[in-house]
Amino acid sequence: AQSVTQLDSHVSVSEGTPVLLRCNYSSSYSPSLFWYVQHPNKGLQLLLKYTSAATLVKGINGFEAEFKKSETSFHLTKPSAHMSDAAEYFCVVSDRNTGNQFYFGTGTSLTVIP
Amino acid sequence: ETGVTQSPTHLIKTRGQQVTLRCSSQSGHNTVSWYQQALGQGPQFIFQYYREEENGRGNFPPRFSGLQFPNYSSELNVNALELDDSALYLCASSLPSGGVTYNEQFFGPGTRLTVL
């Protein structure tokens, strides 16, 4: 069965310091993995996606994620947090077995302290 | 390019009533998925429509039903509303996926449904 575990429900960082949001997945087949961000009262926006190409994926706003098959992880990082990064972040998995169904994690709330 | 739009923005209903939510897909997208996002949770897949046919369904009862129209817009209908149906309902459009890679889904802002 497919599933996603976001290891931290809340993460708090100071502005200008690195961000790490952790995600582990379970998938029977080669997965596609995504990170989405949800700002208050706004729709979900795609940050980046992994679909079996390069394992280090670069996304928008300076975010990147590395697919590690041996660790079944897809952690999201950013070298320097900005106040505008404060939002809810979701890790998503999809694979051949699920067709087009996206499985979302429970989300990580990122707080950026000025 | 117009993004995914949803209507209404907010809706208040009482238990037992029926509700219809609407979604217009992004230009060129023929696949629409619906999700339910309860407070503090990640979105849960309800179902997907591709070329007016249901193309996958999550673990939701039959009182959740949908339609897709020739212009690829879509409706989500929920009958016999229950208190637990209170949530943000998200619509997402995409191009159809093929092979082992999957296209990203583009999400609308959602409809906030409150059931009293």
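I need the full set of residues from the range B:1-55 which are closer than 18 Å to residue B:81 by Cβ, of a type in the set (A, V, I, L, M) and touching a residue at least 60 places away in the same chain (Cβ under 8 Å), in order please.
Residues satisfying the conditions are B:11, B:12, B:19, B:21.
Residues of the range A:21-73 being closer than 26 Å to residue A:112 by Cα and in a loop (DSSP other than H, G, I, E, B), which ones?
Once the filter is applied, which keeps residues that are closer than 26 Å to residue A:112 by Cα and in a loop (DSSP other than H, G, I, E, B), the range A:21-73 yields A:22, A:39, A:40, A:41, A:42, A:43, A:59, A:63.
Which one of these is buried (at least 19 other Cβ atoms within 10 Å of the Cβ) and in a strand (DSSP E or B): B:81, B:76?
Details: B:81 fails: in a strand (DSSP E or B).
Of B:81, B:76, the one residue that is buried (at least 19 other Cβ atoms within 10 Å of the Cβ) and in a strand (DSSP E or B) is B:76.
Going by what's in this entry, would residue A:76 be described as touching a residue at least 12 places away in the same chain (Cβ under 8 Å) and either more than 14 Å from chain B (Cβ to nearest Cβ) or under 11 Å from the mean Cα position of the chain (by Cα) (or both)? Give the steps one after another, and end with the answer.
Values: touching a residue at least 12 places away in the same chain (Cβ under 8 Å): yes; either more than 14 Å from chain B (Cβ to nearest Cβ) or under 11 Å from the mean Cα position of the chain (by Cα) (or both): yes.
Spelling it out, residue A:76 is indeed touching a residue at least 12 places away in the same chain (Cβ under 8 Å) and either more than 14 Å from chain B (Cβ to nearest Cβ) or under 11 Å from the mean Cα position of the chain (by Cα) (or both).
Take residue B:104 and tell me if it is of a type in the set (D, E, K, R), within 14 Å of chain A (Cβ to nearest Cβ) and under 22 Å from residue A:38 (Cβ atoms). I'd like the intermediate steps shown before the answer.
On the way: of a type in the set (D, E, K, R): yes; within 14 Å of chain A (Cβ to nearest Cβ): yes; under 22 Å from residue A:38 (Cβ atoms): yes.
When the stated conditions are applied, residue B:104 passes them.
Taking only the range A:15-57 into account, find how many residues are of a type outside the set (A, V, I, L, M, F, W, C), within 26 Å of residue B:9 (Cβ to Cβ) and within 11 Å of the chain's Cα centre (by Cα). If you could, list the steps in order and put the result at the bottom.
In the first step, residues of the range A:15-57 are kept if they are of a type outside the set (A, V, I, L, M, F, W, C); the result is A:15-18, A:22, A:24-32, A:36, A:38-43, A:45, A:49-52, A:55.
Applying the additional criterion that residues be within 26 Å of residue B:9 (Cβ to Cβ) yields A:36, A:38-43, A:45.
From what is left, the residues that are within 11 Å of the chain's Cα centre (by Cα) are A:36.
Residues that pass the stated criteria total 1.
So residue A:110 clears everything in (1) surrounded by fewer than 19 Cβ atoms within 10 Å (Cβ to Cβ); (2) away from every other protein chain (no Cβ under 14 Å); (3) part of a strand (DSSP E or B) except one condition, right? Which one?
(1)
Does any residue of the range B:7-15 turn out to be among the hydrophobic types (A, V, I, L, M, F, W, C) and either surrounded by 18 or more Cβ atoms within 10 Å (Cβ to Cβ) or closer than 22 Å to residue A:105 by Cβ (or both)?
no
Inspect all residues belonging to the range A:49-63 and state whether any of them is within 11 Å of another protein chain (Cβ to nearest Cβ) and surrounded by fewer than 17 Cβ atoms within 10 Å (Cβ to Cβ).
Taking every residue of the range A:49-63 in turn, at least one turns out to be within 11 Å of another protein chain (Cβ to nearest Cβ) and surrounded by fewer than 17 Cβ atoms within 10 Å (Cβ to Cβ).
Let me confirm something: among A:3, A:9, A:70, which residue is polar (S, T, N, Q), more than 8 Å from chain B (Cβ to nearest Cβ) and under 13 Å from the mean Cα position of the chain (by Cα)? Steps first, please.
On the way: A:3 fails: under 13 Å from the mean Cα position of the chain (by Cα); A:70 fails: under 13 Å from the mean Cα position of the chain (by Cα).
After applying the criteria, what remains is A:9.
Suppose we filter B:56, B:16 for residues that are more than 11 Å from the chain's Cα centre (by Cα), on the phi > 0 side of the Ramachandran plot and more than 12 Å from chain A (Cβ to nearest Cβ); which single one remains?
Details: B:56 fails: more than 12 Å from chain A (Cβ to nearest Cβ).
Answer to the selection: B:16.
Suppose we filter A:101, A:6 for residues that are modelled with pLDDT under 95, within 17 Å of residue B:43 (Cα to Cα) and touching a strand residue (DSSP E or B) at 6+ places or on another chain (Cβ under 9 Å); which single one remains?
Details: A:6 fails: modelled with pLDDT under 95.
Among A:101, A:6, only A:101 is modelled with pLDDT under 95, within 17 Å of residue B:43 (Cα to Cα) and touching a strand residue (DSSP E or B) at 6+ places or on another chain (Cβ under 9 Å).
The values are calculated or read from the model by the stated rules, or taken from the named source; none is laboratory data. Keep in mind it's a predicted model, so treat the numbers as computed, not measured. Positions of Cβ are backbone-derived with ideal geometry, glycine not excepted, and every protein chain shown enters the neighbour counts.
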